[in-house]
Amino acid sequence: MLQRSTETREVPVATIAGVAMPAWRLIMLGAGLVVLAAIPFVLKNFYIFQITLAIIYAIAILGLNLLTGFNGQFSLGHSAFYAIGAYTAAIMMENLGISYVWTIPVAAIVCFVFGFLFGLPALRLEGIYLALATFALAIAIPQVLKSSVLEHWTGGVQGIVIIKPDAPFGLPLSSDQWLYVFSVLVAIVMYVCATNLVASRTGRAMIAIRDHPVAASAMGINVSLYKSLTFGVSALYTGVAGALGAIAISFVAPDSFTFVLAVALFVGLVVGGVASIPGTLVGGLFVLFVPNIAESVSKGLAGAVYGVILLVVIYLMPTGAAGLVRLGISKLVKRR
Amino acid sequence: MRNAMRAWIAIAACCLLASPAVAQKKYDPGASDTEIRIGNIMPYSGPASAYGTIGKALAAYFNKVNAEGGINGRKIRFITYDDGYAPPKTVEQARRLVENDEVLLILNSLGTAHNTAIQKYMNARKVPQLFVATGATKFGDPKNFPWTMGWQPNYQSEGRIFAQYILKNHPDGKIGILFQNDDYGKDYVKGLKDGLAGKMMIVAELPFEASDPTVDSQMVSLKASGADIFYNVTTPKFAAQSIKKAAEIGWKPVHLLNSVSASVGAVMKPAGLENGKGVLTAVYGKDPTDPAWKDDAGMKEWVAFMDKYYPDGDKSSSFPVYGYSIARTMVQVLRQCGDDVTRENVMRQAANLKDFETGMALPGITINTSPTDFYPIEQMQMGRFNGESFVPFGPVLSGEVGGS
């Protein structure tokens, strides 16, 4: 007892404006939840729809972040897993008549299996070579979805139109409001799981593999198994996002899941901050809103404006939004 | 007391609504005494950005309309957004236009999948999705989608026109078909078969996948089938391959090429101009590069428009011609609306176009619609490639699909 109290006296608690850091974290989390809860009752349906999409992209980026940020594997092919999740949801809802609620876990399982299986051979590849292999996946997926073998299920080039679900139990919500609530609930589950995963033994193993694969393996970590599993979990997250995305857009077509989407997810990852879980939310917002901002600046040069914004963001925040926040906190803490 | 007051107001309101003489001017969101807001979605960026020219031509034409005083005194505000040719973005932009910008209607949004993605939404919202930029036959279905209308000849109409031509000129021929195995290809084949009504023999019907590298083997099989009429339903890359291959293996059938690939630059040049001589297609618009139209009044008007309002535009491209024609049709619909600028009346007038001429369609080709006919252009003329351009010949043929 005595020993413990002396210990706490020796370790100074980092504070900002007199409030301890863990308390700050709780305050921010609480404020975030309040904002999330207020959105459907304050904003117009169109903005609710946009924020729903941003949250969905954030989940997909979280999946990519688990792979790239915490496990050090590159992927330019996550649009493929997004597509598989989306088509799983669409086919279940329209061809099999299953409720949209069940499409989320099924899309998760399907994408986990796909990701794990793709991860196995990809293990032999490192860094940019893996990026290239996943790039091939991203290029192939739209073509595969168009092929006549699968056309009966995928609807070929025309895609599948989905009926947007209404709020259940007679809740007085519009379908946009309900989809927002539904997506936020799924997102909260996914974020809690990801936070716990990263903080767990498994998470430490993932990070150890990222930092030093040889040392990790010397410590008794089964590197290949963990890498494949991480690939699977990463695909699972992106697939869940894909399924949610399909329901929110209420349409899937091969042209929805091109390489451009894979790059967008990658951009979101970098802007939000590599290996930061809250940063993925910033990434999701960036992916959705910045192209619109660029377009409103100049229609003809939207691409160039987007590029300039991206350059400025990377220049000002070289470690992403999460890095900027960390830097700010460390400055504030030091001053005290 | 309060209740009585309310009742009186209600009665007064009912009277106002009931008597047509009092309330002449009627507006929906997006229209007012001074302004009509029109939305549009184009792929200004991404793999199909070449189509962006259409959006620019539309904007230029509405500038001209505004400079000349607007329509019935109302200026047009044309709001156009980029979807990068990605259907999810199309949905987002359509919702932005309808819910945020509160446009009266969405005009000429581009792409088959992209229009499919927003069709249900537009119809549920009862916002006109007018003159969509795709030839898919499914966008003229007033029974199920009364708020969606196409514009250009649909694929099935074109198939029927080809059928009429061969029934008249080559009734004893044997037909070989090469088609892309998707909705677009099947639409074309269905149109041809409906038009033939079983009167001619189809000896071979070979599909290919959009993902196939070549159609060489299909071409060899088609020649071996003994067909002497070749119905070529392919997109530009495969069209060029097939024309080239036919020349290589010495197969010289009556060659009917779908208008999707009737492009000198993208198809005939890569295939070899010499190889393409005599290839037939169906056309409905005036080709701005064809010297035959040099003194044509409609063409002169278009050139003047391009010079004044869209000077950066490429005058040899068919896209500005297309945008110009769409915009003129839109203006005609709004003129017909008069002071009743509601979404319902817009659809009513769009379905009530009678012999409207865009000025850039071939002589004799006019726009006609009715409450049961949501296919504005259903006439085309056969065109023959002379080594430089597709020259229209013969009578104007009609390929009406359903409706009347």
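For beta carbons closer than 8 Å, sequence separation of 6+ or different chains, a first residue in the range B:173-188 that is more than 11 Å from every other protein chain (Cβ to nearest Cβ) and of a type in the set (Ser, Thr, Tyr) and a second that is buried (at least 23 other Cβ atoms within 10 Å of the Cβ) and part of a loop (DSSP other than H, G, I, E, B), the qualifying pairs are B:TYR188/B:ASN258. The single condition among (1) within 11 Å of another protein chain (Cβ to nearest Cβ); (2) under 18 Å from the mean Cα position of the chain (by Cα); (3) among the β-branched types (Val, Ile, Thr) that B:ILE106 does not meet is (1).
Residue under question is B:VAL98, and the condition is that it be touching a Pro at 6+ places or on another chain (Cβ under 9 Å), outside any loop (DSSP other than H, G, I, E, B) and either at the interface with chain A (Cβ under 10 Å from one of its Cβ atoms) or not hydrophobic (A, V, I, L, M, F, W, C) (or both); does it hold?
Numbers: touching a Pro at 6+ places or on another chain (Cβ under 9 Å): yes; outside any loop (DSSP other than H, G, I, E, B): yes; either at the interface with chain A (Cβ under 10 Å from one of its Cβ atoms) or not hydrophobic (A, V, I, L, M, F, W, C) (or both): yes.
For B:VAL98, the condition - touching a Pro at 6+ places or on another chain (Cβ under 9 Å), outside any loop (DSSP other than H, G, I, E, B) and either at the interface with chain A (Cβ under 10 Å from one of its Cβ atoms) or not hydrophobic (A, V, I, L, M, F, W, C) (or both) - is met.
If I ask for residues that are within 10 Å of the chain's Cα centre (by Cα) and either surrounded by fewer than 23 Cβ atoms within 10 Å (Cβ to Cβ) or of a type in the set (Phe, Trp, Tyr) (or both), which ones from the range A:267-277 would you list?
The answer is A:ILE277, and nothing else.
Contact map, the range B:201-226: residues that are more than 14 Å from chain A (Cβ to nearest Cβ) paired with residues that are of a type in the set (S, T, N, Q) and surrounded by 14 or more Cβ atoms within 10 Å (Cβ to Cβ), Cβ distance under 6 Å, separation 6+ or inter-chain. Pairs shown: B:VAL203/B:SER225; B:ALA204/B:SER225; B:THR214/B:GLN241; B:VAL215/B:GLN241; B:VAL215/B:SER242; B:MET219/B:SER242.
Out of the range B:101-121, which residues are surrounded by fewer than 22 Cβ atoms within 10 Å (Cβ to Cβ) and not in a loop (DSSP other than H, G, I, E, B)? First the steps, then the outcome.
Here is the first cut: in the range B:101-121, the ones surrounded by fewer than 22 Cβ atoms within 10 Å (Cβ to Cβ) are B:101-102, B:110, B:120-121.
Once the filter is applied, which keeps residues that are surrounded by fewer than 22 Cβ atoms within 10 Å (Cβ to Cβ) and not in a loop (DSSP other than H, G, I, E, B), the range B:101-121 yields B:LEU110, B:LYS120, B:TYR121.
State yes or no: is A:GLY239 within 29 Å of A:ILE51 (Cβ to Cβ) and more than 14 Å from every other protein chain (Cβ to nearest Cβ)? Talk me through it step by step, then tell me what you get.
Working: within 29 Å of A:ILE51 (Cβ to Cβ): yes; more than 14 Å from every other protein chain (Cβ to nearest Cβ): yes.
It is true that A:GLY239 is within 29 Å of A:ILE51 (Cβ to Cβ) and more than 14 Å from every other protein chain (Cβ to nearest Cβ).
In the range B:199-206, the count of residues that are surrounded by fewer than 20 Cβ atoms within 10 Å (Cβ to Cβ), basic (Lys, Arg) and farther than 17 Å from B:ASN258 by Cβ is one or more. Consider the range A:38-54 and keep the residues that are of a type in the set (A, V, I, L, M, F, W, C) and away from chain B (no Cβ under 14 Å). The one that is nearest to A:GLY268 (Cα to Cα) is A:ILE39.
Only one of A:SER298, A:SER250, A:SER330 is within 13 Å of chain B (Cβ to nearest Cβ), hydroxyl-bearing (Ser, Thr, Tyr) and surrounded by fewer than 18 Cβ atoms within 10 Å (Cβ to Cβ). Can you tell me which? Full working, then the answer.
Working: A:SER250 fails: surrounded by fewer than 18 Cβ atoms within 10 Å (Cβ to Cβ); A:SER330 fails: within 13 Å of chain B (Cβ to nearest Cβ).
Unique residue meeting the criteria: A:SER298.
Residue-level check: of (1) in contact (Cβ under 8 Å) with a residue 12 or more places away in the chain; (2) buried (at least 17 other Cβ atoms within 10 Å of the Cβ); (3) within 13 Å of another protein chain (Cβ to nearest Cβ); (4) of a type in the set (Lys, Arg), B:ARG125 misses just (2).
The set of residues in the range A:136-168 that are part of a helix (DSSP H, G or I), surrounded by fewer than 19 Cβ atoms within 10 Å (Cβ to Cβ) and touching a Ser or Thr at 6+ places or on another chain (Cβ under 9 Å) comprises A:ILE139, A:GLN143, A:VAL144.
Only a single item in (1) surrounded by 19 or more Cβ atoms within 10 Å (Cβ to Cβ); (2) within 14 Å of another protein chain (Cβ to nearest Cβ) is not met by A:ILE293, and it is number (1).
Flag: A:ALA60 does not match the condition of being away from every other protein chain (no Cβ under 14 Å) and in a helix (DSSP H, G or I). Quick check on my filter: what residues within the range A:173-190 are under 21 Å from the mean Cα position of the chain (by Cα) and of a type in the set (Ser, Thr, Tyr)? A:TYR180, A:SER183, listed by residue number.
Of all residues being basic (Lys, Arg) and either at pLDDT below 90 or not assigned by TED's automatic domain parsing to the domain that holds B:GLY55 (or both) in the range B:287-320, which is nearest to B:ASN386 (Cα to Cα)? Just the residue, please.
Step one: filter the range B:287-320 for residues basic (Lys, Arg), giving B:294, B:300, B:308, B:315.
Add one more test, that the residue is either at pLDDT below 90 or not assigned by TED's automatic domain parsing to the domain that holds B:GLY55 (or both), and what stays is B:294, B:315.
On the way: B:LYS294: 18, B:LYS315: 21 Å.
Among those that are basic (Lys, Arg) and either at pLDDT below 90 or not assigned by TED's automatic domain parsing to the domain that holds B:GLY55 (or both), it is B:LYS294.
The values are calculated or read from the model by the stated rules, or taken from the named source; none is laboratory data. Bear in mind the structure is a predicted one, so any value in this text is a computation, not a measurement. Quick reminder, even Gly has a Cβ in these numbers, built from the backbone with ideal geometry, and neighbours come from all protein chains shown.
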